[in-house]
Amino acid sequence: MVDAPLREPTFWILTALAGPPMHGYGIIREVAALSEGRLSLRPGTLYGALDRMVDAGLIEADREEVVDGRQRRYYRLSTTGSATLAGETERLRRNVKAATARLGALAPAARPIAPRALGGLA
Amino acid sequence: MRDLERRYRQLLRAYPAGYRQARGGEIVGTYLDLAEPDRRWPSIIDVVDVLAGGVGERLRAAGAADLIPGIRLAAVLSFITATALAGFWGTAEVVTSSASWGAPAFGPFATTGIVVWGCWLLAGAVHVIAPARWARVAIGLALFLTAAVVPIAALFELPRPYLFVLVPQVTLGLLALAFPAHTARRQRLTPLAVASAAALIAAGVLSGKSSWFYRFNYGGAFLPEAGAVLLLTAMLAAIVLSLRGDARGLWALLVLLTPIGLLGLYPLTENIVGAGHADFRVITGTTAAIFLLGGTTLAAALAIRARSSATADTLAVRLHERCPNCGK
């Protein structure tokens, strides 16, 4: 059972894995790119999160390989992880829709303030 | 094996042996992938990251993975308390009169504490407007000043806040360093909002009083009262979260027992220990006893959790070994 809303690192790791399987270094780079640099994971944090997500059944180990003498384990999204990410995305989409509607309603009332202020300054 | 790899493997001793054996190669490989080609030593950030990861994994192995989220919750409550105290004492430094009773003064302020409390309030402001790492730097600076004011005041013969005021502030500040990196702006405003309320209380009750306010009247009683509020808040959080099956609040309460005990240093040293005028020896002795008691309570809770977790694992294995049809 995974609580909603997902924590930001969990959300971005699931998003990064919504594609081909990835190893730790690949996930770190993908999360940084997807979040436009706002979330920079370090390996200690990443592997703690990956362990918790494996325990929760959100992701699974895909395969292992050794590249340039460095061990790499690839992870993939599980069916539960995919459903959890879809649910969280839908929740966020509804939030954005509600906030956008409110901001849209606010905009006409806010508009006259700027010309008045500018006029006063002039 | 390159120097850098060997050093990462040494740091990996922070992890439990079994985990290190199973995952060490993968974790070290990722650190090496991220490192610049000419790097020979792990960066400070990586050292902290490995150690934090190792502690987290050891707690997870002991069945106490929720201790870290509990510490983060305790850190939020600690930071709110620390800034509230800074708001109270900082205002008291300004509104009290240093002329009465021949009390020593620090310029227009009661003591050198004004610099300390100003820095704590600055940390509260940085927490609102800047990323978490800058807020941690500001808290670190406030911590440094809170500790440094003791030798500096002694060196230049200046008045300073009493140790029973500074010791809980340092403990709350150390805990506050663990606050979560990502929180909503509204939540980050809470410490400054509570500090403003505390400042209003100080202005109301201490205006025009003597600058001995740290010891006497309402000032002397404020710390135990703040400790009682912190205890009640932590207990309430523990009850509410426990009802949702979340043990974070219980761990936060256990972690906060030490700073809560230290907030009661004034009545503890002068009423219970029996020292009419609590000197450095009495204060440090009582502080050590509170740390020992708080640490022992937390260690006992961890041991109980580890034992119950191990029993549950054994039961799960035994159930797993049973015949799925007959249960024998």
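What are the pairs with Cβ atoms under 7 angstrom where one residue, in the stretch B:104-131, is among the polar types (S, T, N, Q) and the other, located anywhere, is part of a strand (DSSP E or B)? Sequence gap at least six, or different chains.
Final answer for the pair search is B:T112/B:F106.
Of everything in the stretch A:32-55 that's over 20 Å from B:R58 (Cβ atoms) and either part of a helix (DSSP H, G or I) or more than 10 Å from chain B (Cβ to nearest Cβ) (or both), which residue is modelled with the lowest pLDDT?
Among them, the one singled out is A:G37.
Hey, any hits in the stretch A:86-108 for a residue that's open to solvent by 60 Å² or more (accessible area, probe 1.4 Å), in contact with a helix residue (DSSP H, G or I) (Cβ under 9 Å, 6 or more places away or on another chain) and either at pLDDT below 90 or among the acidic types (D, E) (or both)?
No.
Here's the yes/no breakdown for (1) in contact with a Phe, Trp or Tyr (Cβ under 9 Å, 6 or more places away or on another chain); (2) under 30 Å from B:A110 (Cα atoms); (3) within 11 Å of chain A (Cβ to nearest Cβ):
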| position | (1), (2), (3) |
| --- | --- |
| B:D3 | yes, no, no |
| B:V28 | yes, no, yes |
| B:L34 | yes, no, yes |
| B:V48 | no, no, yes |
| B:A52 | no, no, yes |
| B:L59 | no, no, yes |
| B:W89 | yes, yes, no |
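Residues being in contact (Cβ under 8 Å) with a residue 60 or more places away in the chain, in contact with a helix residue (DSSP H, G or I) (Cβ under 6 Å, 6 or more places away or on another chain) and open to solvent by 70 Å² or more (accessible area, probe 1.4 Å): count how many of those fall in the stretch B:180-209.
Qualifying residue count for the region: 1.
Does B:A52 satisfy being open to solvent by 50 Å² or more (accessible area, probe 1.4 Å) and free of Cβ contacts under 8 Å to residues at least 12 places away in the same chain?
Yes: the conditions hold for B:A52.
Specify the residue that is modelled with the lowest pLDDT; the eligible residues are those in the stretch B:243-274 that are polar (S, T, N, Q) and surrounded by 14 or more Cβ atoms within 10 Å (Cβ to Cβ).
Filtering the stretch B:243-274 down to residues polar (S, T, N, Q) leaves B:258, B:269, B:271.
Those left that are additionally surrounded by 14 or more Cβ atoms within 10 Å (Cβ to Cβ): B:258, B:269.
Details: B:T258: 95, B:T269: 80.
Among them, the one singled out is B:T269.
Residues checked against (1) open to solvent by 20 Å² or more (accessible area, probe 1.4 Å); (2) outside the structural domain of B:L231 (by TED's automatic domain parsing); (3) not charged (D, E, K, R):
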position: B:S78; (1), (2), (3): no, no, yes
position: B:G118; (1), (2), (3): yes, no, yes
position: B:R133; (1), (2), (3): yes, no, no
position: B:L141; (1), (2), (3): yes, no, yes
position: B:T146; (1), (2), (3): no, no, yes
position: B:V149; (1), (2), (3): no, no, yes
position: B:A153; (1), (2), (3): no, no, yes
position: B:F156; (1), (2), (3): yes, no, yes
position: B:V167; (1), (2), (3): yes, no, yes
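Where residues in the stretch A:10-31 are surrounded by fewer than 20 Cβ atoms within 10 Å (Cβ to Cβ) and part of a loop (DSSP other than H, G, I, E, B), which of them is nearest to the other protein chains (Cβ to nearest Cβ)?
Taking the candidates together, the pick is A:P21.
The values are calculated or read from the model by the stated rules, or taken from the named source; none is laboratory data. Since the model is a prediction, treat every value here as computed from it, not as a measurement. Counting neighbours? That spans all protein chains shown, and the Cβs are built from the backbone with ideal geometry, glycine included. What goes into the accessible areas is simple: the full protein's heavy atoms, side chains included, and nothing from ligands, DNA or RNA. Shrake-Rupley method; radii C 1.70, N 1.55, O 1.52, S 1.80 Å.
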